[in-house]
Amino acid sequence: MIFYDLHSLLLFLIKFEEMSAKTGLDLSVTKDENFSMWYTQVITKSEMIDYYNVSGCYILRPWSYRIWEQIQTFLDSEFKALGVEPCYFPMFISKKNLEKEEDHIEDFCPEVAWVTRAGDSELPEPIAIRPTSETAMYPAFSNWIRSHRDLPLKLNQWTSVVRWEFKNPTPFLRTREFLWQEGHTAFAEQEEADKEVLDILDLYARVYEELLAVPAIKGRKSVKEKFAGGDFSTTTEVFIPCAGRAIQGATSHSLGQNFSKMFDIKFPDEGGEFKYVWQNSWGMTTRTIGVAVLVHGDDKGLVLPPRVAPVQIIGISIPQKDEELNATLQQKIDDIVASLCKLGLRAKADGRRDKSPGWKFNYWEQKGVPLRIECGPKDMEKQQCVLVRRDTKEKLVVSWDDVASTSSALMLKIQSDMLDKARAERDKRLVIAWTWQEFCVALQGGNMILAPWCLTTDSEEWVKEETKLLGMSAAEAEEQSNENEESKALTGAAKSLCIPFNQPILPEGTLCFTGNGLPAKEWCLWGRSF
């Protein structure tokens with residue numbers, strides 16, 4: 001192999017170092033080989049997560065928390081533009097309040113964590129740690145809302161909740177404590193309350209598509225899957241092609257007047273007639289971070305969209321034996337980074353002397369930094385830099401004068417390209433099924449399925465039971481039927497994900513895909529789910 005200049009030789013040596021795994025940063029499995037282990041290695045080696053000594057609880061390290069801050073900043077600004085005010089309510093909920101709404105508590109009961117002791121003393125009544133805050137906040141709503149002039153009341157809190165999940169805990173996706181925002185609002189009229197449900201859902205879809213570069217499908221939950229105690233639920237559903245599973249991205253619920261009647265939240269209208277308020281609740285969690293990892297990550301580690309990346313651009317010099325030249329190279333990288341920071345870009349120079357360029361390349365690739373800027377001795381002579389995209393590995397040679405403008409343009413380009421790629425991969429796995437046989441074939445192929453449905457809960461439960469056994473042998477099915485309820489919940493059953501707002505034309509006379517002979521009323525999105 002012939003090297004025509006020192007820069008080419010250095011790049012080869014760097015690549016050889018990476019191939020030889022001398023960095024110690026490489027993942028031991030690929031995304032296709034072992035999806036679960038790949039995910040665990042990516043979020044730990046990229047320094048997003050550390051483990052904690054309470055099962056199902058995890059430490060969010062700065063690299064992941066800073067992504068959450070980007071989401072917070074966007075949503076908080078949008079909420080306030082809608083007139084939503086920030087607040088904070090205690091994490092403890094009295095047993096009396098939590099149990100006031102029967103459907104609500106029945107749905108959450110297995111996940112509620114209770115405080116029963118204080119020191120050596122038993123509490124006279126257990127106190128719940130909030131799984132959600134409807135029953136904590138609405139007694140206060142009853143006191144605060146005295147007139148139609150007090151409406152609408154729009155509150156949001158950034159906090160954590162505890163749900164003592166019995167399913168397999170997975171960092172970001174399913175944890176016993178997680179961060180979220182929860183909005184709770186009250187209106188005089190149903191029409192304005194229902195409008196807000198959809199306005200908030202649009203914001204959640206924008207978080208996924210505009211910030212995380214993840215395509216989302218907006219729709220309505222089935223009666224079976226809606227929020228307990230609410231009138232109807234809307235959702236953003238996203239798909240993880242490599243796993244063949246969907247995941248609920250965020251939800252916005254219409255509570256109707258169910259909670260206002262339970263907690264006596266009413267007001268006199270302009271004519272003096274007392275009416276119950278119309279309420280909504282809505283929330284988005286740190287699950288968003290895990291979804292972005294699953295959708296975009298590759299066999300090198302994270303691939304982060306520029307809009308949420310804690311560091312958007314990393315600058316690395318290629319050192320030489322000549323210390324004076326090294327200082328000049330590093331100073332040039334520092335100057336470039338400073339100019340990028342002045343433009344509002346989150347840029348950083350890695351000037352560590354105890355790490356080789358190859359180690360640094362691997363380290364920042366694993367952390368998903370969207371763009372790398374390299375500068376070596378030949379680049380100094382030509383007054384240029386090499387820009388390397390994390391998502392495509394594409395390299396561009398750019399003059400010093402054009403680094404700032406090119407880098408800024410690439411932030412937009414990378415963000416757009418990542419969304420386009422994710423949407424194309426998602427759409428390849430979105431299949432239309434008219435019959436039960438087509439549905440089963442598509443499901444076993446790891447797809448989401450759009451199917452004409454009669455909307456009955458009986459048929460929904462039938463689909464779940466039938467698909468539990470798909471692909472199992474008779475012996476496996478018998479063993480599965482003897483397992484406990486918790487294990488049954490971990491099978492590959494399909495469920496309704498949402499009834500999409502964007503409905504294809506449903507030909508007249510179309511029957512439900514389940515074969516029950518009932519007329520189909522709407523298209524529904526189905527699939528396996530995390």
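Read-outs throughout are calculated quantities, based only on the coordinates presented, and are distinct from any laboratory measurement. Computed from a predicted structure; not experimentally measured. Positions of Cβ are generated from backbone atoms using ideal geometry, with glycine treated the same way; all protein chains shown enter the neighbour counts.
Taking a threshold of 29 Å on the Cα-Cα distance, which of the pairs Lys167/Lys218; Lys80/Lys348; Lys221/Lys428 fall above it? The pairs that break the limit, which is 29 Å between Cα atoms, are Lys80/Lys348. When the helices of the chain are scored as -39500 (n - 2.57) per DSSP H run of n ≥ 4 and the total is divided over every residue, the value at 222 nm lands at -11500 deg cm²/dmol. Using the Karplus relation 6.51 cos²θ - 1.76 cosθ + 1.60 with θ = phi - 60°, the per-residue 3J(HN,Hα) values for segment 383-392 come to 6, 9, 9, 10, 9, 10, 7, 6, 6, 10 Hz, with x marking Gly and Pro. Placing a label point 7 Å from the Cα of Glu273 along the Cα-to-Cβ direction, the residues of segment 158-200 whose backbone N falls under 16 Å from that point are 188-191. Quotient of the Cα radius of gyration of the chain and 2.2 N^0.38 Å, N being its number of residues: 1.11.
Within segment 152-195, what residues put their amide N at less than 15 Å from the label point 7 Å along the Cα-to-Cβ vector of Glu85? Within reach of a label on Glu85: 152-157, 184-187.
Show me 509-517, 211-219 ranked by packing, highest mean number of other Cβ atoms within 10 Å first.
Top of the packing list down: 211-219, 509-517.
Each of Lys413 and Lys395 was given a label point 7 Å from its Cα along the Cα-to-Cβ line. The distance between the two points is 1.6 nm. Remark: the Glu78-Ile59 segment gains 4.1 nm on full extension, using 0.36 nm per residue and subtracting the alpha carbon distance. For segment 371-462, the set of chymotrypsin sites (Phe, Trp or Tyr not before Pro) satisfying both a DSSP loop assignment and a count of at most 16 other C-beta atoms within 10 Å is given as Trp434. May I ask for the distance between the Cα centers of segment 216-245 and segment 145-198, given as a whole number of Å? Using only Cα atoms to place each centre, the spacing works out to 16 Å. Sparsely packed loop sites in segment 146-190 (the trypsin sites (Lys or Arg not before Pro) outside DSSP H, G, I, E and B with at most 16 other Cβ atoms within 10 Å) comprise Arg146, Lys167. Helices of the chain meeting both criteria, an alpha-carbon length of 18 angstrom or more along the long axis and an average Kyte-Doolittle score not below 0.0, with helices taken as full DSSP H segments, are 6-19.
Loop sites only, by DSSP: take the GluC sites (Glu not before Pro) in the chain that have at most 10 other C-beta atoms within 10 Å and name the longest stretch containing none of them. The longest such stretch corresponds to 1-269.
Residues whose amide H lies under 5 Å from that of Gly249, counting only those 5 or more places away or on a different chain, are Thr236, Glu237, Val238; hydrogens are built 1.01 Å from N in the peptide plane. In this simple spin-label approximation, Lys321 and Asp120 carry label points 7 Å from Cα along the Cα→Cβ vector, and these lie 7.4 nm apart.
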